[in-house]
Structures are given as C-alpha cells and as structure tokens.
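A.B. asks: Here it is, the structure in full.
The values are calculated or read from the model by the stated rules, or taken from the named source; none is laboratory data. This is a predicted model, so every value here is computed, not measured. Neighbour counts run over all protein chains shown; Cβ positions are idealised from the backbone, glycine included. Areas reflect the complete protein model, heavy atoms only, side chains present, ligands, DNA and RNA absent. Shrake-Rupley method; radii C 1.70, N 1.55, O 1.52, S 1.80 Å.
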Amino acid sequence: MQVNRHLRRVACESVTLLDLRGFKRITSNDMDRLVRNFRNLSEIDLNYCHQIGNSHIAKFVPLAHSLKKLRLRGTAVTDRGVERSVAKLVNLEELDLSKTTQDQSTRISDSSVNVIAASCPMLRSLLLGWCVRISDHSIRNLSALLRLEEVDLSFSKLTTDVCSSLASLNLKRLDISATTIDCTGVKLLSQPTISFAGITKKIDCELQVLKLRHAENVKKAGLRHLALHAKKLQLLDISYCGNIDLDLSDVNASINYLNEHGAKVLTEENDELR
C-alpha cells in the first residue's frame with residue numbers, strides 16, 4: 001500500500017500539463033482538487049471553458065513557483081481576477097486573455113495590462129485579442145516586460161499614437177488587426193529606435209510575423225515601408241485591408257519583393273493558405 005501511494009505521488013508530481021480546453025463543467029472545487037494533486041504544473045490550458053472565472057484562477061496561486069503558461073481565451077476572467085490572482089503568478093512566460101466573455105463593463109481592460117506589466121517580468125507572449133477596452137494608455141507600460149516577444153492586440157482601441165511604444169519593444173510577433181493604426185504607425189514599427197542618455201538610435205526591426213487583417217487605415221505606403229525595412233519578416237497578413245489595392249503595380253511590387261526575400265504575404269485572394 002505504501003508503494004502504491006508513493007507511485008501515485010510520483011506520477012502526480014511528474015504531470016506538468018493540464019489541458020481542459022472546451023470543458024463545459026468545471027467547478028471551483030474541481031480546480032482546487034486538481035491543483036492539490038498536480039503540484040508541479042507548468043502549463044494550464046482552459047481556452048473556451050466559458051464558465052471559468054475569477055474564483056477558478058484563484059486556485060492557481062499555489063502554483064506560482066512552477067506555472068509558466070496560462071491560457072484563458074474565451075473565459076469569464078475579469079480585471080479583478082488578473083489583479084488578485086494572475087499578478088501573483090510571477091513566473092508566467094505565456095498568458096492568453098483573448099476573447100474574454102464578460103460584458104463590456106467587467107472584461108479585461110487597461111487595468112489588467114498595467115497589473116501584468118508590473119507583476120509578470122518573465123512574460124514572452126501576451127495575447128489580448130478582442131479585449132476591446134484596452135487602449136493606448138496601458139500599452140506604453142509594456143516596456144517593463146523586457147523579455148516580451150509576442151503581443152496580440154487585435155480588435156482593441158489602439159491608435160497610431162502608441163506605435164512608437166510598440167516599436168521600442170522590438171517584438172518578433174505582433175497582431176494589430178482591426179485597429180485604427182495607419183501607415184505612420186507601420187513606418188514606426190518597421191523602423192524602431194531606442195533612446196539612451198538623450199541619444200536616439202535606429203535599430204534593426206525584429207518583426208517576423210505581423211498581422212494587419214482588417215486594418216482599414218493601412219495603405220500602400222505602409223506596405224512599402226515593411227518591404228524596405230522589415231528584413232526578418234516571415235509572415236505578413238494584409239487581408240481585407242480595404243485601402244490596399246491589390247491591382248496596383250506598386251502594391252504588387254512590394255508583395256513580390258517580400259515574397260522574394262522569404263516572407264509569405266496573406267491577402268483575401270490567397271485566404272485558403274490559412
């Protein structure tokens with residue numbers, strides 16, 4: 001009997017991934033038992049578990065020593081949950097809070113971004129797509145996250161004014177689909193700068209993936225800037241950008257140039273590549 005208990009304990013301690021994507025009935029007590037049994041979880045995926053809310057993620061705080069990846073896309077987590085629980089998960093490297101399903105008065109907002117920027121210094125990936133209450137005000141604080149490589153801010157309230165702050169992060173993967181960012185913003189992203197001791201210096205653009213789907217204010221000038229300066233680009237999504245006319249010769253020249261230099265360009269015409 002002792003041997004069996006020992007083996008069960010060893011088995012539980014060896015589990016590092018908990019994948020419950022799409023589960024429809026998970027109670028707070030269920031989560032409590034899971035965390036007690038699996039004490040070394042490094043990755044939890046609860047995407048599209050719509051009933052998961054603040055009381056559920058409060059159970060994750062004892063896992064702060066080991067938890068590195070937390071996926072909460074399409075859950076009911078709110079600002080309060082981020083402030084009270086996520087802020088204590090200081091070793092997180094990946095966090096997905098996209099498409100939170102609460103009403104607009106309580107879903108993820110600038111408040112959550114500020115808390116995350118101040119509390120999660122190890123973050124490499126932050127996904128906040130469809131969090132429509134996020135605006136320029138909080139994004140400037142992401143500069144505190146020195147390891148950040150990927151950000152999804154699609155369908156948020158971002159404007160071109162925040163692009164200098166985004167550019168200073170020198171991200172590898174960025175999704176700003178369906179925002180009001182325009183060609184000036186794209187130029188800033190493709191030609192990032194850093195400032196030190198009052199001196200501003202241009203640095204290489206590290207962008208490998210840039211998604212501009214449904215970015216209505218981006219035009220051919222923005223595409224040209226990317227072709228000239230985003231030398232490491234591997235994927236560019238400009239599908240359904242209504243002001244980029246794919247029939248224009250200079251637009252096709254930019255797309256061809258990007259293709260020749262190793263970047264796949266997605267448009268509404270090759271949508272089947274997704």
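A.B. asks: Classify the stretch 235-274 from the C-alpha gyration tensor, please: rounded if a/c falls under 1.5, else prolate or oblate depending on whether a/b exceeds b/c. Let's see the in-between values first.
C.D. replies: Working: a/c = 2.02, a/b = 1.02, b/c = 1.98.
In terms of gyration-tensor shape, oblate.
A.B. asks: Same structure, new question: Given labels modelled 7 Å from the Cα in the Cβ direction, how far is it in nm from Ala58 to Asp32?
C.D. replies: 1.0 nm
A.B. asks: At 1.4 Å probe size, put His65, His229 in order of accessible surface, largest to smallest.
C.D. replies: Values: His65 115, His229 70 Å².
Greatest to least solvent exposure: His65, His229.
A.B. asks: Among rounded, prolate and oblate, which fits the stretch 17-99 when a ≥ b ≥ c are the square roots of the eigenvalues of its C-alpha gyration tensor, a/c under 1.5 means rounded, and a/b larger than b/c means prolate? Write out the running numbers ahead of the final one.
C.D. replies: Numbers: a/c = 1.33, a/b = 1.11, b/c = 1.20.
Cα axes put the stretch 17-99 in the rounded bin.
A.B. asks: Continuing with the same structure: Where does each of Met31, Met122 land when they are ordered by accessible area, with a 1.4 Å probe and the largest first?
C.D. replies: Numbers: Met31 0, Met122 55 Å².
The residues order as Met122, Met31, largest area first.
A.B. asks: Longer than 31 Å from Cα to Cα, which of Lys201/Lys232; Lys88/Lys187; Lys157/Lys264 are they? Say none if no pair is. Let's see the in-between values first.
C.D. replies: Values: Lys201/Lys232 19 Å; Lys88/Lys187 37 Å; Lys157/Lys264 27 Å.
Table pairs above 31 Å Cα-Cα are Lys88/Lys187.
A.B. asks: Let me ask another. Output the relative contact order of the chain, whole-number percent, from Cα pairs under 8 angstrom with separation of 6+ residues.
C.D. replies: Working: 635 pairs, mean separation 26.1, N = 274.
10 percent.
A.B. asks: What are the semi-axes of the equivalent ellipsoid for the chain, taken as the square roots of 5 times the Cα gyration tensor eigenvalues, largest first, in whole Å?
C.D. replies: Values: eigenvalues 294, 76, 67 Å².
Semi-axes (√(5λ), whole Å): 38, 19, 18.
A.B. asks: What Kirkwood hydrodynamic radius do you get for the stretch 203-274 when you take the inverse of the mean 1/r over all pairs of distinct Cα atoms, in Å? Let's see the in-between values first.
C.D. replies: On the way: mean 1/r = 0.0831 Å⁻¹.
Computed over the stretch 203-274, the radius equals 12.0 Å.
A.B. asks: Once the Cα atoms of helix 28-37 and of the chain are each reduced to a long axis, what angle between those two axes, in degrees from 0 to 90 to the nearest 10, is obtained?
C.D. replies: 80 degrees
A.B. asks: Return an integer: the convex hull volume of the alpha-carbon atoms of the stretch 75-155, in Å³ per residue. Intermediate results must be reported in sequence, preceding the final value.
C.D. replies: Numbers: hull volume 5.9 nm³, N = 81.
Residue-normalised Cα hull volume stands at 73 Å³.
A.B. asks: Can you run the Rg to Rh ratio on the stretch 140-274? Use alpha carbon positions and the Kirkwood inverse-distance Rh. List each step's numbers first, then the result.
C.D. replies: On the way: Rg = 14.2 Å, Rh = 14.9 Å.
When Rh is taken as the Kirkwood radius, the ratio is 0.96.
A.B. asks: If you put +1 on each Lys and Arg Cβ and -1 on each Asp and Glu Cβ, how big is the dipole of the stretch 54-184 around its Cα centre, in Debye rounded to 20? Walk me through the intermediate numbers first.
C.D. replies: On the way: 17 positive and 14 negative charges, 104 e Å.
The dipole of the stretch 54-184 has a size of about 500 debye.
A.B. asks: May I ask which residue of Gly53, His137, Ser239 lies farthest towards the positive end of the charge dipole of the chain, with charges of +1 (Lys, Arg) and -1 (Asp, Glu) on Cβ and the Cα centre as origin?
C.D. replies: The residue sitting most towards the positive pole is Gly53.
A.B. asks: Compute a Gaussian network model of the chain, connecting alpha carbons closer than 10 Å, and tell me which residue from Asn217, Asn54, Asn252 fluctuates the most.
C.D. replies: Most flexible of the set in this elastic network: Asn252.
A.B. asks: Rounded if a/c is under 1.5, else prolate if a/b is larger than b/c, else oblate: which is the stretch 19-156, with a ≥ b ≥ c the root eigenvalues of its Cα gyration tensor?
C.D. replies: Working: a/c = 1.87, a/b = 1.29, b/c = 1.46.
Here the stretch 19-156 falls in the oblate category.
A.B. asks: Given the -39500 (n - 2.57) contribution per DSSP H run of 4+ residues, what per-residue ellipticity at 222 nm results for the chain, rounded to the nearest 500 deg cm²/dmol? Spell out each step's value before the answer.
C.D. replies: Values: 10 runs with 84 residues, N = 274.
One gets -8500 deg cm²/dmol as the mean residue ellipticity at 222 nm.
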